[in-house]
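*Asks:* I am attaching a structure below and will ask some questions about it afterwards.
Values quoted throughout were computed directly from the atomic coordinates according to the rules given, and no laboratory measurement underlies them. Computed from a predicted model, the values in this text were never measured in an experiment. Positions of Cβ are generated from backbone atoms using ideal geometry, with glycine treated the same way; all protein chains shown enter the neighbour counts.
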Amino acid sequence: AEREEALKERVRQLLDRENAVLVAHYYTDPVVQALAEETGGFIADSLEMARFGSRHPASTLVVAGVRFMGETSKILSPEKRVLMPTLEAECSLDLGCPVDEFSAFCDQHPDRVVVVYANTSAAVKARADWVVTSSCALDIVEHLMDQDKRIIWGPDKYLGSYIQKQTGADMLLWNGSCIVHEEFKAKGIVDLKRVYPNAAVLVHPESPDAVVEVADVVGSTSQLLKASQELPNDTFIVATDRGIFYKMQQASPDKSFIEAPTAGESATCKSCAHCPWMAMNTLEALVQCLENPGEINTVEVDDSLRVRSLEPLQKMLDFTA
Ligand code: 13P
Ligand code: SF4
């Protein structure tokens, strides 16, 4: 505890010294989220993280999240220094969507609008017509349907399938998934609901179709957080990364939040609903990235890639403004 306090104090000093602001995703460690909060930074979903960073006057953005979030910040704010505790914080959706293969897939269907999830590399974004996050994907696809567009969707097949069912859009789906959300099990949730009959089930749409089907509310992290505050239930079964519990509990101290069961649950892994890459954002790594930033910390996006990926990103920000 003493060591944790010392590390936190060091981060505070360094943020100040470097004229930096800390932006953390809801899936990061509660200690990191609390630090962002108390130092005038921000805790948010991937859409609002991007917007906050581009509007904040600090000359350095410290992005506690995964690499695509740092890249997005850099694309939107090229004049700022963008640091991350480690650029090795990946995302299975990004890793599962290499630009060459995705681009070839798009080339086979030139008549379709290319819509990609924010959880992708700058190169994949540069190949897209639209970028979306889970907060705005439904609205943007509906907007495209109003224009009679047919869609190529990448990389999350579960989010894509959810949106397809909701909107009836004509979508070709890339075969990607999130290693955290794909582990949730509908049967486990139904069993748990028998124990807590008054619980509402909150599900992130990166989860498999069967899990989405047993949900009371389906939405992005910020939408689930809002639902946890607004619904009258006193108990919630939550199918998303457990990092979100920090904000849910803070907003509703009298309510109970229970992790949705995952397939991987066993004696050695009691709580699997946590992204291993988000977990790389430790206090030690935060201190290191501010104290002595190296290649592993500094986000760079090649200029031509930046210009091309900015276009579909900016469309998303304008659409959701
Ligand atoms: P949102 O915060 O946009 O809901 O995204 C979830 C996610 O998986 C980010 O890694
Ligand atoms: Fe990617 Fe899933 Fe981790 Fe989010 S939780 S960063 S989607 S692997």
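*Asks:* Let a ≥ b ≥ c be the square roots of the eigenvalues of the Cα gyration tensor of region 181-259; is it rounded (a/c under 1.5), or, if not, prolate (a/b larger than b/c) or oblate?
*Replies:* Because a/c hits 1.5 or more and a/b fails to exceed b/c, region 181-259 counts as oblate.
*Asks:* Once both labels are modelled 7 Å past Cα along the beta-carbon direction, what's the Ile296-Glu230 spacing in nm?
*Replies:* Between Ile296 and Glu230, the label points sit 4.3 nm apart.
*Asks:* Now for a different question. Sort Asp148, Asp45, Asp129, Asp209 so the one with the fewest other Cβ atoms within 10 Å of its own Cβ comes first.
*Replies:* Lowest to highest Cβ neighbour count: Asp148, Asp209, Asp129, Asp45.
*Asks:* Just need log10 I(q)/I(0) for the chain at q = 0.06, 0.14, 0.15, 0.16 Å⁻¹, Debye formula, equal scatterers on the alpha-carbon atoms, no solvent, rounded to two decimals.
*Replies:* -0.20, -1.11, -1.25, -1.39
*Asks:* Sorting Tyr158, Tyr27, Tyr117 on the 10 Å Cβ count, fewest up front, what's the list?
*Replies:* Tyr158, Tyr27, Tyr117
*Asks:* For each of Ile140, Ile163, count neighbouring Cβ atoms within 10 Å of the residue's Cβ, then give the residues from fewest to most.
*Replies:* With the sparsest Cβ surroundings first, the list reads Ile140, Ile163.
*Asks:* Hey, what did the chain get for relative contact order, percent, Cα under 8 Å, at least 6 apart?
*Replies:* The value is 22 percent.
*Asks:* Along the Cα→Cβ direction, 7 angstrom out, place labels at Glu38 and Asp209. What is the inter-label distance in nm?
*Replies:* With each label placed 7 Å out from Cα toward Cβ, I get 4.7 nm.
*Asks:* Applying 1/(1 + (r/R0)^6) with R0 = 35 Å to the Cβ-Cβ distance of Tyr196 and Phe105, what FRET efficiency is obtained, to the nearest 0.05?
*Replies:* Working from the Cβ atoms, E equals 0.25.
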